[in-house]
Number of protein chains: 4
Amino acid sequence: MGIHEFEPRDENFDGKVRESFALQEAMKTIGCSIDSLEAGKIEIHFPFNKALTQQHGFIHAGILSTVMDSACGYAAFSLMPADAAVLSIEFKVNLLSPAKGDAFRVVANVIRLGKTITVCAAETFSINGTKQKRVANMTGTMMAVFDREGIKN
Amino acid sequence: MGIHEFEPRDENFDGKVRESFALQEAMKTIGCSIDSLEAGKIEIHFPFNKALTQQHGFIHAGILSTVMDSACGYAAFSLMPADAAVLSIEFKVNLLSPAKGDAFRVVANVIRLGKTITVCAAETFSINGTKQKRVANMTGTMMAVFDREGIKN
Amino acid sequence: MGIHEFEPRDENFDGKVRESFALQEAMKTIGCSIDSLEAGKIEIHFPFNKALTQQHGFIHAGILSTVMDSACGYAAFSLMPADAAVLSIEFKVNLLSPAKGDAFRVVANVIRLGKTITVCAAETFSINGTKQKRVANMTGTMMAVFDREGIKN
Amino acid sequence: MGIHEFEPRDENFDGKVRESFALQEAMKTIGCSIDSLEAGKIEIHFPFNKALTQQHGFIHAGILSTVMDSACGYAAFSLMPADAAVLSIEFKVNLLSPAKGDAFRVVANVIRLGKTITVCAAETFSINGTKQKRVANMTGTMMAVFDREGIKN
């Protein structure tokens, strides 16, 4: 997708992303951890968990969306100035293959950085032993917000 | 949205939807229950749960998506023939307002019924005492699948 | 979709929408005219035109998208303050039925109005004699921009 | 996006795509030509045309969508068996930058090939002299249809 290299506008981007991620109770419930983080890119990992399945025993598409949305949000947040908070405006998910596997890896990249609007793309891969397979992708639109009540950066 | 009335093609639609819903471990984890169900329409309810929040303490957009995706799936499934299983192909979510509230109500309707492809629309409302507010919506594309390995109807 | 009534923030909303619409050369090329306009809602009409078809002789999905995007943009623009210009951030289209007919009617409504971000929903109906049929819908995210170079309100 | 190499299931894929493309009157109206075509991938080119602009003089987002939708459709069609026709089910477009330029290049790739459902990604680049800039992208869901009345392959 022609991913660019980005210059972070907040030198503490690593710290602020990890701090915000730790506040997302949903990430703990899903069992997510950050595998890698750089300016404009993040990888998140989570194990299979029966408690998060749909009727055929695959991970629910909405759970994949939860992790991809967080990944898009933090890829965007990593490039925002220090006084910005991040909100998801919208996202679109395609389910490409059943989400079965021992674990899952989500990768998100910023594909368009703006002052207010940042567009990200994320993909989810299932991990089965040494095999990886793309199971879903997302395009998400993230917004930088400033001084909004109840929305901390 | 000009919702139509539909004739179910499976007279046991109520039973099969509730049975499949009960198999979705993700619905239990979120605390979802079916409020009402008719051919082509479903309402699902779930309480606020801190374990499902994002960094500002609102319910995570992906969790809303999980419930809206299930709701779209079951609205579609209720109109499918007895030998069909249902899969989500894709969905698109707009986040309209922060998901804060005592509880949440998700309503999904079939807006286009096809032999293979069914399109649904869902909305999530936050409930605060007697007030309800729309916080998110989804357009989802669902597919009827037949005789696919590992995908039971 | 629970459409609200809106108060315009620019009393000249009718004039400014029609003026901007007249500047869209694409609307002329498609043969569009405004059927009705109120604060937060617009209806646009265009005739069948073979020059805009896809390979089966139906109106191309992208042409429907063009009109729905303009309709979403102007529904949003009608509620923006006098110094705002409108830009489309993103949209999502579902094709529900082949776009064949003598003419087409597109209706767009604002479903969430914000200071920066406004979300709209549009539908396209084919007209065949006295029959109308929904052939496509859009959810679109519109942005109010101020003082941006090259983007006039 | 991890693009795969694909084996065409119809050895006449090049001919059938060009024949169908030639039937799309909308492509002629926009001034599109095929720059390159292989199994699962297509590039389409079109010049700036004032007749296709929005109110600020940029190419209308819906016109970009028209070309990206055709590109997605033909990327998918190139991999379909000889007796299949292709229909767009849905697409999602993000507008990344104003579509101003001397000409535009649209590239579409199949990212998930299925028997019925094929998912494609497309991007539009503006061309200004020797500079190219990504101005929009699409994720589109395409469907193979067989023996449907009025829908020729």
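So here's what we get for this one:
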item	result
Tally, over region D:129-141, of residues that are within 14 Å of chain B (Cβ to nearest Cβ) and either under 11 Å from residue D:94 (Cα atoms) or aromatic (Phe, Trp, Tyr) (or both)	2
Unique residue being at the interface with another protein chain (Cβ under 7 Å from one of its Cβ atoms), under 25 Å from residue B:141 (Cβ atoms) and either surrounded by fewer than 24 Cβ atoms within 10 Å (Cβ to Cβ) or not small (Gly, Ala, Ser) (or both) when the list is A:126, A:88, A:97, A:65	A:88
Checklist (1) within 11 Å of chain D (Cβ to nearest Cβ); (2) in contact with a Leu (Cβ under 7 Å, 6 or more places away or on another chain) applied to residue A:79, failing item	(1)
Condition met for residue D:115 (within 8 Å of another protein chain (Cβ to nearest Cβ), surrounded by fewer than 17 Cβ atoms within 10 Å (Cβ to Cβ) and among the basic types (Lys, Arg))	no
Condition check for residue D:106: more than 12 Å from chain A (Cβ to nearest Cβ), touching a strand residue (DSSP E or B) at 6+ places or on another chain (Cβ under 7 Å), at pLDDT 95 or above and buried (at least 24 other Cβ atoms within 10 Å of the Cβ)	yes
Condition check for residue A:26: surrounded by 24 or more Cβ atoms within 10 Å (Cβ to Cβ), over 11 Å from the mean Cα position of the chain (by Cα), within 22 Å of residue A:150 (Cβ to Cβ) and within 11 Å of another protein chain (Cβ to nearest Cβ)	yes
Residue match in region B:14-22 (condition: within 11 Å of chain A (Cβ to nearest Cβ), within 12 Å of the chain's Cα centre (by Cα) and either assigned to a helix (DSSP H, G or I) or at negative phi (or both))	yes
Which listed residue, of D:70, D:78, is closer than 18 Å to residue D:10 by Cβ, modelled with pLDDT of 95 or more and in contact with a Phe, Trp or Tyr (Cβ under 8 Å, 6 or more places away or on another chain)	D:78
Members of region C:117-133 that are touching a residue at least 40 places away in the same chain (Cβ under 8 Å) and out of contact with any Lys or Arg (no Cβ under 9 Å at 6 or more places or on another chain)	C:121, C:122
Residue in region B:44-62 that is farthest from the chain's Cα centre (by Cα), counting only those that are surrounded by 24 or more Cβ atoms within 10 Å (Cβ to Cβ) and facing chain A (nearest Cβ under 7 Å)	B:55
Conditions (1) under 28 Å from residue C:123 (Cα atoms); (2) more than 9 Å from every other protein chain (Cβ to nearest Cβ); (3) not in a loop (DSSP other than H, G, I, E, B); number of the one not met by residue D:149	(3)
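Yes/no matrix, rows are residues, columns are (1) in a strand (DSSP E or B); (2) in contact with a helix residue (DSSP H, G or I) (Cβ under 8 Å, 6 or more places away or on another chain):
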{"position": "B:55", "(1), (2)": "no, yes"}
{"position": "B:66", "(1), (2)": "no, yes"}
{"position": "B:69", "(1), (2)": "no, yes"}
{"position": "B:72", "(1), (2)": "no, no"}
{"position": "B:82", "(1), (2)": "no, yes"}
{"position": "B:88", "(1), (2)": "yes, yes"}
{"position": "B:99", "(1), (2)": "no, yes"}
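The values are calculated or read from the model by the stated rules, or taken from the named source; none is laboratory data. Everything numeric in this text was worked out from a predicted model, so none of it was measured. For neighbour counting, all protein chains shown are included, and Cβ atoms are generated from backbone atoms with ideal geometry for every residue, glycine included.
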